[in-house]
Amino acid sequence: MNLALKVMFGLFCGGMASAAAVPAKAQGFKCEPVAIPEWQTLAEGAEWAKFDVRFTPYHRETQTWEGETTRSVTVRAFRIDPEKIEMRFHRSTNDLECDPTKDRYIRKLIGDSRAKALGAINASFFIMPNGKTLGVIVDERKVWGRNAGEQGISSSGVLSLQKGEWKLESRDQFIERHGPVMSTVDARDYQFAVQAYPRLLSDSQVVVSERVKEDKRPRTSIGLSATSNQILLVTLDAGGETSGTGMSLFEFAQLLGSRECGLAQKTVLNLDGGGSTAFAIPSNGIYHQADRCRHLGNILMIQSRARKK
């Protein structure tokens, strides 16, 4: 081979080697628990887990996933059987003092409720400074809010248990059935309902747009398991663990639907997140909140059902 051919061959092979060294763009989301999630029993029908997950970030501008799991988040979650565990909301009309050096606002709210809570997370969106809860909020003991029209965001949805059936509807679908303000008569048909935004998963399909804001934040959600009749309450980085804390909503939806990462949900509604993200287990002395003393308009508590005599 003459010198000219050798040079051309070398440039060609070098170019191929350089191209091969560039990581191929991932075709989709990938995640992996750092260790196998271990679910611990809180009470009959209630479990909790804390585990770290590594995942591939999504780049909105290029609409591509990275090829490697270069970021991580800390998951704290409850997994409950609604036949044995009751979900209750609480908001306070009291001025709850909170010292960020030693307190967490979620702890103050649990104490204010005087409920025998097994655990709690932050819940739906609210108006500052009075903490008025926005939208439809119902538990088995009280109707906290009936005005579905208060949440003007089109991606808002209502996750509900009505006459024994769990469903996730868009705000507009819910308003079509009940009007902008649900009547007290209609509200009696619901054992549970919470309105928030955006809807993340429906029938195991991601329904939040990939064009949603790319900011990484702590997150909170409520959803139905894809493999059982259980409800999962999930938080990400409630203690602000990672330097690039949290995930985008599009990434979060992928994680929640993933069987590889121990969550495997089919229907999920995003709840208030960011600095409001909070997770608590009073009996274990566990109280986490991303922004320690940020006011929470309401929390969602879990507690054992009273046994029927």
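The set of residues in region 25-73 being farther than 20 Å from residue 217 by Cα, in a strand (DSSP E or B), in contact with a Lys or Arg (Cβ under 8 Å, 6 or more places away or on another chain) and without any contact (Cβ under 8 Å) to a residue 60 or more places away in the chain consists of 47 alone.
Does at least one position in region 240-250 carry a residue that is in contact (Cβ under 8 Å) with a residue 40 or more places away in the chain, among the aromatic types (Phe, Trp, Tyr) and within 13 Å of residue 201 (Cα to Cα)? Yes; the residues of region 240-250 include at least one that is in contact (Cβ under 8 Å) with a residue 40 or more places away in the chain, among the aromatic types (Phe, Trp, Tyr) and within 13 Å of residue 201 (Cα to Cα).
So that you can scan it fast, the table gives a plain yes or no per residue for (1) exposed (fewer than 14 other Cβ atoms within 10 Å of the Cβ); (2) in contact with a Pro (Cβ under 8 Å, 6 or more places away or on another chain); (3) charged (D, E, K, R):
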site	(1), (2), (3)
133	no, no, no
143	no, no, no
185	yes, no, no
189	no, no, yes
197	no, no, no
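Name the residue that is surrounded by the most Cβ atoms within 10 Å (Cβ to Cβ), counting only residues in region 199-212 that are of a type outside the set (D, E, K, R) and in contact with a Gly (Cβ under 7 Å, 6 or more places away or on another chain). So that I can check it myself, show each step before the final result.
Looking only at region 199-212, we keep the residues that are of a type outside the set (D, E, K, R), and these are 200-202, 204-209, 212.
Those left that are additionally in contact with a Gly (Cβ under 7 Å, 6 or more places away or on another chain): 201, 204, 206.
Working: 201: 25, 204: 12, 206: 19.
Within region 199-212, the match that is surrounded by the most Cβ atoms within 10 Å (Cβ to Cβ) is 201.
From the set of residues in region 264-298 that are among the hydroxyl-bearing types (Ser, Thr, Tyr) and part of a helix (DSSP H, G or I), which is surrounded by the most Cβ atoms within 10 Å (Cβ to Cβ)?
Step one: of region 264-298, the residues among the hydroxyl-bearing types (Ser, Thr, Tyr) are 267, 276-277, 283, 287.
In the following step, the residues that additionally are part of a helix (DSSP H, G or I) were identified as 276, 283.
Numbers: 276: 25, 283: 11.
The extreme case among them is 276.
Can you say whether residue 305 is among the basic types (Lys, Arg), closer than 23 Å to residue 167 by Cβ and in contact with an Asp or Glu (Cβ under 6 Å, 6 or more places away or on another chain), as far as the supplied structure shows? Yes: the conditions hold for residue 305.
Conditions tested, residue by residue: (1) small (Gly, Ala, Ser); (2) closer than 21 Å to residue 51 by Cα; (3) not in a helix (DSSP H, G or I).
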site	(1), (2), (3)
245	no, yes, yes
250	no, yes, no
262	yes, yes, yes
300	no, no, yes
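If you check 207, 185 for being more than 11 Å from the chain's Cα centre (by Cα) and within 22 Å of residue 152 (Cα to Cα), only one passes: 207. Looking only at region 75-95, count every residue that is at pLDDT below 95 and not in a loop (DSSP other than H, G, I, E, B) and tell me the total. Residues in region 75-95 being at pLDDT below 95 and not in a loop (DSSP other than H, G, I, E, B): 0 in total.
At least 3 residues being within 21 Å of the chain's Cα centre (by Cα) and at pLDDT 95 or above is the threshold, and among the strands (runs of 3 or more DSSP E) wholly inside region 110-178 those reaching it are 119-122, 136-138, 157-162, 165-170. Only one of the numbered conditions (1) on the phi < 0 side of the Ramachandran plot; (2) over 11 Å from the mean Cα position of the chain (by Cα) is not met by residue 247, and that is (2).
Going by what's in this entry, would residue 220 be described as among the β-branched types (Val, Ile, Thr), more than 20 Å from residue 60 (Cβ to Cβ) and modelled with pLDDT under 95?
Values: among the β-branched types (Val, Ile, Thr): yes; more than 20 Å from residue 60 (Cβ to Cβ): yes; modelled with pLDDT under 95: no.
Answer is no for this residue.
Could you grab me the full set of residues in region 236-263 that are touching a His at 6+ places or on another chain (Cβ under 8 Å) and surrounded by 22 or more Cβ atoms within 10 Å (Cβ to Cβ)? Spell out how you get there, then give the answer.
Taking region 236-263 and keeping what is touching a His at 6+ places or on another chain (Cβ under 8 Å), we get 238-239.
If the condition is that a residue be touching a His at 6+ places or on another chain (Cβ under 8 Å) and surrounded by 22 or more Cβ atoms within 10 Å (Cβ to Cβ), then 238 is the only one that fits.
Checked against the criterion of being farther than 26 Å from residue 259 by Cα and assigned to a helix (DSSP H, G or I), region 187-205 has at least one qualifying residue.
The values are calculated or read from the model by the stated rules, or taken from the named source; none is laboratory data. These numbers were taken from a predicted model, which means no experiment stands behind them. No Cβ is skipped: glycine too gets one built from the backbone with ideal geometry, and neighbour counts run over all protein chains shown.
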